[in-house]
Amino acid sequence: DLILPSTALDGSPAQSGGIPAETWNKIVFLEDPVCDGCGMPAEYAMIGRCPACEAQPHVFNRARAACLYDEHSREPVLQFKHADRTDLAPLFARWLSRAGRELIDEADALVPVPLHRWRLLSRRYNQAAEVARRLSADTRVDYLPDALTRPRATASQGGRSASGRRRNVAAAFAVPEGRRRLIEGRRILLVDDVLTTGATADACARALKKAGAAEVSLLVIARVKSRTVNTT
C-alpha cells in the first residue's frame, strides 16, 4: 500500500473504502421496511411477506440486501466481481454486517455461493467468498468456504428469464459427503453479491437443506428492485 497506494474506482486516492464520494451519495441503501422473505423494499411496513413471496416462496427462508442494484451500485459490484477489486471486500462486509444484523445474530455459519472450478480458475477468486471471509472475521460467525460446491458448470445467468435461470442452475450445487456434518442441524447464512430472481440462491439452499441444514437465509450486497412472478 505504501508503494502502490489504493485508488478509488475513478482513479482518485482511496477514501470511503475505495468508492468515490459522488457514487456514495447516489447508492440507495436499504432500510426497513423490507419483505422478510426476499428483502425487497416496501413503502409501508407489511404483515407477512410481499405478494411475490406469497405467490412463489423461495427455498431460502429469509433474505436481506445492503443496497439496491442499479446504475449507481452496479459499477462497484462489477469491479469487485470481475476487475480484481478485492480491496472492496472489507467495505462490502461492513455493509452486510449492518444490513443483515438480525440474520447474522441467528446464524451458526456463513457459506459463500461457490464458483465452478473452471470459473474460479479463470477469475482467480470467488467474490462471495472474499466478502464472507471478511464478514466472518468481523462477526466471529463460523466460515465454511468448502461446505457447498458447484460440481456442474453452468452458463452465465445474464439475459435469462426467471424460469431459464432456474433451469440453468438446477442440481448445480452439492454438499460433499465429508462436509455434511458441518451443515446438519445448523442455521446457514448464504452470502452472495447480487440477488436478481433468487434462482441461484434457491438452488444453493435446496442443496444445503438436503444435507440437513435447519434453516438457510441469504445475505447479498445488492438486489434488484422488484421480482417478477411467473404466473404460467
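Observations on the model:
- Protection proxy ranking, highest mean first, for peptides 209-220, 78-89, 122-133: 209-220, 122-133, 78-89, where packing is the per-residue count of other beta-carbon atoms within 10 Å, averaged.
- Peptides 187-199, 137-149 ranked from most to least packed by the mean count of surrounding Cβ atoms within 10 Å: 187-199, 137-149.
- Residue among 55, 42, 30 farthest towards the positive dipole end of the range 29-68, charges placed on Cβ: 55
- Accessible surface comparison of 22, 43, probe 1.4 Å, protein chains only, largest first: the order is 43, 22.
The values are calculated or read from the model by the stated rules, or taken from the named source; none is laboratory data. Since the structure is predicted, the reported quantities are computational estimates derived from the model, not experimental observations. Cβ sites come from the backbone with ideal geometry, for glycine too, and all protein chains shown count toward neighbours. Just the protein is used for accessible areas: all its heavy atoms, side chains included, with ligands, DNA and RNA removed. Shrake-Rupley method; radii C 1.70, N 1.55, O 1.52, S 1.80 Å.
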